[in-house]
1. Out of curiosity, is L210 surrounded by 22 or more Cβ atoms within 10 Å (Cβ to Cβ), at pLDDT 95 or above and within 14 Å of S269 (Cα to Cα)?
2. Given the conditions (1) open to solvent by 10 Å² or more (accessible area, probe 1.4 Å); (2) at pLDDT 95 or above, which single one is not true for G168?
3. Test of understanding: among A186, A196, A218, A190, which residue is in contact with a Pro (Cβ under 8 Å, 6 or more places away or on another chain) and in contact (Cβ under 8 Å) with a residue 60 or more places away in the chain?
4. Quick one: is D197 of a type outside the set (A, V, I, L, M, F, W, C) and surrounded by fewer than 21 Cβ atoms within 10 Å (Cβ to Cβ)?
5. Here's a check for you: in region 111-125, which residue that is at negative phi and small (G, A, S) is farthest from the chain's Cα centre (by Cα)?
6. Take R170 and tell me if it is touching a strand residue (DSSP E or B) at 6+ places or on another chain (Cβ under 9 Å) and of a type in the set (D, E, K, R).
7. Of everything in region 222-251, what is surrounded by 24 or more Cβ atoms within 10 Å (Cβ to Cβ) and in contact with a helix residue (DSSP H, G or I) (Cβ under 9 Å, 6 or more places away or on another chain)? Give them in sequence order.
8. Return yes when T255 is modelled with pLDDT of 95 or more, within 16 Å of the chain's Cα centre (by Cα) and open to solvent by 20 Å² or more (accessible area, probe 1.4 Å) and no when it is not.
Amino acid sequence: MPRRLGGTPLAVGLAVLVPAGLAGWLLWDGDGGSDDGAKRPVAASSSTRSSPSAPHPKPKPTVEPTRSPATGATHSPAAEPSPGAPAATGPLSGKTVVVDPGHNIRNSRHTAEINRSVDIGTGRKECDTTGTSTDAGYAEAEFSLDVAHRIRDILRKQGAKVTLTHDGDREWGPCVTERAEIGNKARADAAVSVHADGSAVGNRGFHVILPAQVKGGAADTSRIVGPSKALGERIAGYFVRDTGSGPSNYIGGGTGLDTRGDLGGLNLSTVPKVFIECGNMRDPQDAGHLTDADWREKAAQGIADGIADFLGG
């Protein structure tokens, strides 16, 4: 089902960025502008404007995840440090980061389990979904786990303690409620959920999803809305710098930011947390990036750099 259009396409070039020594990277302010309607650049690290709000569910097609032989090498869990391996010393020593690889490659084999309803505070949603895929069959779950491994490697080298919500070792899930709980129990300084979108051809670019102000049942985001916005702005800025990709041309009004109150992984979080949709798997140009191992390394670097900047590393 095609996503709604959220704004006009935005061309992003090197002129959008500020020098590396400055705090934050320039994003476009879609909430206001000059009298003629032009958008104004604002510093990601210091913006105080509210992000555009579009709390609409994001439908994704149900697919049978399969591995495409043409996608390039991915990180193997067996080659990664063991979960208990000590972190290196570095600027992020003492910081805890939770990385949440979206979906699970085996979810499609467990429809009864992932389709069961769970309480997200503001309502009920499915435990999890299968995610989307490229037309050639490269699954979002495979993409998200690969990028999560790369983020983990980068942040561990800087001294951070990094926990994944799952490492491809589960038969299904975890549910969105458990994904939030893992970050909460870890008392994470930052948490990021990695995804790729499944929208219409021609819809391109990334966007970072921020938690809306919600309160209901077990959900209360009042303490994390501000820091989550700061985290998301930094990730968006560095993602532009490191990948060369532009903000979404179909959601977020050209800012690369979107605010939602219907995602359990955000609603139930008690630590600063955002989602990132790294691109649109259903668009051939975006799919070309998402299936390229070198680009995925750049994507991981952008996300990790945004996290490190947020944590003061």
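1. On the way: surrounded by 22 or more Cβ atoms within 10 Å (Cβ to Cβ): yes; at pLDDT 95 or above: yes; within 14 Å of S269 (Cα to Cα): yes.
Taking the combined requirement at face value, the residue satisfies it.
2. G168 satisfies every listed condition except (2).
3. Working: A186 fails: in contact with a Pro (Cβ under 8 Å, 6 or more places away or on another chain); A196 fails: in contact with a Pro (Cβ under 8 Å, 6 or more places away or on another chain); A218 fails: in contact with a Pro (Cβ under 8 Å, 6 or more places away or on another chain).
Of A186, A196, A218, A190, the one residue that is in contact with a Pro (Cβ under 8 Å, 6 or more places away or on another chain) and in contact (Cβ under 8 Å) with a residue 60 or more places away in the chain is A190.
4. Values: of a type outside the set (A, V, I, L, M, F, W, C): yes; surrounded by fewer than 21 Cβ atoms within 10 Å (Cβ to Cβ): no.
Spelling it out, it is not the case that D197 is of a type outside the set (A, V, I, L, M, F, W, C) and surrounded by fewer than 21 Cβ atoms within 10 Å (Cβ to Cβ).
5. Going residue by residue through region 111-125, those that are at negative phi are 111-120, 122, 124-125.
After this cut, where a residue has to be small (G, A, S) as well, the list is 112, 117.
Numbers: A112: 26, S117: 23 Å.
Across region 111-125, the extreme among qualifying residues is A112.
6. Working: touching a strand residue (DSSP E or B) at 6+ places or on another chain (Cβ under 9 Å): no; of a type in the set (D, E, K, R): yes.
In short, no.
7. Across region 222-251, the qualifying residues are S228, L231, G232, E233, R234, I235, A236, G237, Y238, F239, V240, P247.
8. Values: modelled with pLDDT of 95 or more: yes; within 16 Å of the chain's Cα centre (by Cα): yes; open to solvent by 20 Å² or more (accessible area, probe 1.4 Å): no.
No: the conditions fail for T255.
The values are calculated or read from the model by the stated rules, or taken from the named source; none is laboratory data. Being a predicted model, the structure only gives us computed values, none of them experimental. Here the Cβ is made from the backbone with ideal geometry for all residues, glycine too, and neighbour counts use every protein chain on show. These area figures cover heavy atoms from the full protein model, side chains too; ligands, DNA and RNA do not enter into them. Shrake-Rupley method; radii C 1.70, N 1.55, O 1.52, S 1.80 Å.
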